[in-house]
Structure formats: C-alpha cells, structure tokens
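Please read the structure below before turning to the comments.
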Amino acid sequence: MAMTASELISQRIVELGDWRGETLARMRKLIKAADPDVVEEWKWIDTPVWSHDGILCTGETYKSVVKLTFARGASLKDPAKLFNASLEGKVRRAIDIREGEKIDEAAFKALVREAIAANQAAQNAKRKKR
C-alpha cells in the first residue's frame, strides 16, 4: 500500500536522523501552526512540499543546509529578512538553515501566511481573466 505524502515526510525526517531531520520537523510544525489547512505533498525527486491554493514552499535537505524554497518568495514581504538564498531569482526565494541556527518563529509563520495570501491573490486574478 502506498504511503501518504505526510507519511513520506515523516519517514524522511526519521531517516535523516540528525540536525537536518530535527530542523525539517521543526519547520514543518511551524508551517502547520501558521496554516492548519496546509496540504502536504511529495513531489519531484523525494521533495516535501507544503501547499495552500498552490505551492507555499518546498523542504529540501542537503549536507550542510535545510532549504525552504518559497514558490512566490520574490513577491513576499520579508521584514525580518529570513530569505538568505536564491535572492537573485525573479520568482522564488529560499531560507537556508544551517546546523545550530535558529529562525524567528513568528516571522516565519507570518511569511507562510503571506505566501498563502499571494497564492490566493494569484488565483483570484486568474478567475477574473476568465
């Protein structure tokens, strides 16, 4: 029987078994706290994805960072300056979290809510064009 996306994400966290798994689990918890209606998906080559009216962000793990890439990051307000990677992109922005780094939880949850609003605005604009 196939595993759900949420189960696959949980499995990935356990498999990592180090600071990256702990970080991914912590960020997942913050995403869910910011948006109880978030949808967890598993896309591309084993990538956790959180969506609400479109992709909010992906959660990739590398040797030295956990990377949270926001699909519409370039258009989001980021007063806490959480974005620290992919800053030159025209659409996406990312947050690279290294071992031992903490993130401003309130600012991160605000960023998730901002991403939801951006997705909803894009969907409303598409509806108006129809």
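The values are calculated or read from the model by the stated rules, or taken from the named source; none is laboratory data. Since we're looking at a predicted model, the values are computed, not measured. Every residue, glycine as well, gets a Cβ built from its backbone with ideal geometry; the counts of neighbours run over all protein chains shown. These accessible areas exclude ligands, DNA and RNA; they are computed on the full protein's heavy atoms, side chains included. Shrake-Rupley method; radii C 1.70, N 1.55, O 1.52, S 1.80 Å.
Could you count how many residues in region 38-71 are assigned to a strand (DSSP E or B) and either acidic (Asp, Glu) or out of contact with any Lys or Arg (no Cβ under 6 Å at 6 or more places or on another chain) (or both)? Working first, answer last.
Of region 38-71, the ones assigned to a strand (DSSP E or B) are 39-43, 47-51, 55-61, 66-70.
When the remaining residues are screened for being either acidic (Asp, Glu) or out of contact with any Lys or Arg (no Cβ under 6 Å at 6 or more places or on another chain) (or both), the result is 39-43, 47-48, 50-51, 55-60, 67-68.
Looking only at that region, the number is 17.
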> Got a number for residues in region 20-37 being surrounded by fewer than 18 Cβ atoms within 10 Å (Cβ to Cβ) and part of a loop (DSSP other than H, G, I, E, B)?
Replying inline: 2
>> Taking the conditions exactly as written (open to solvent by less than 50 Å² (accessible area, probe 1.4 Å), part of a helix (DSSP H, G or I), without any contact (Cβ under 8 Å) to a residue 24 or more places away in the chain and among the hydrophobic types (A, V, I, L, M, F, W, C)), does residue 74 satisfy them or not?
In response: yes
> What number goes with the only condition from (1) touching a residue at least 12 places away in the same chain (Cβ under 8 Å); (2) open to solvent by 60 Å² or more (accessible area, probe 1.4 Å) that residue 17 does not pass?
Replying inline: (1)
> Which residues, counting only those in region 81-93, are at pLDDT 95 or above, aliphatic (A, V, I, L, M) and more than 14 Å from the chain's Cα centre (by Cα)?
Replying inline: none
> Which of the residues spanning region 77-112 are among the aliphatic types (A, V, I, L, M), assigned to a strand (DSSP E or B) and within 18 Å of residue 28 (Cα to Cα)?
Replying inline: 94, 95, 97
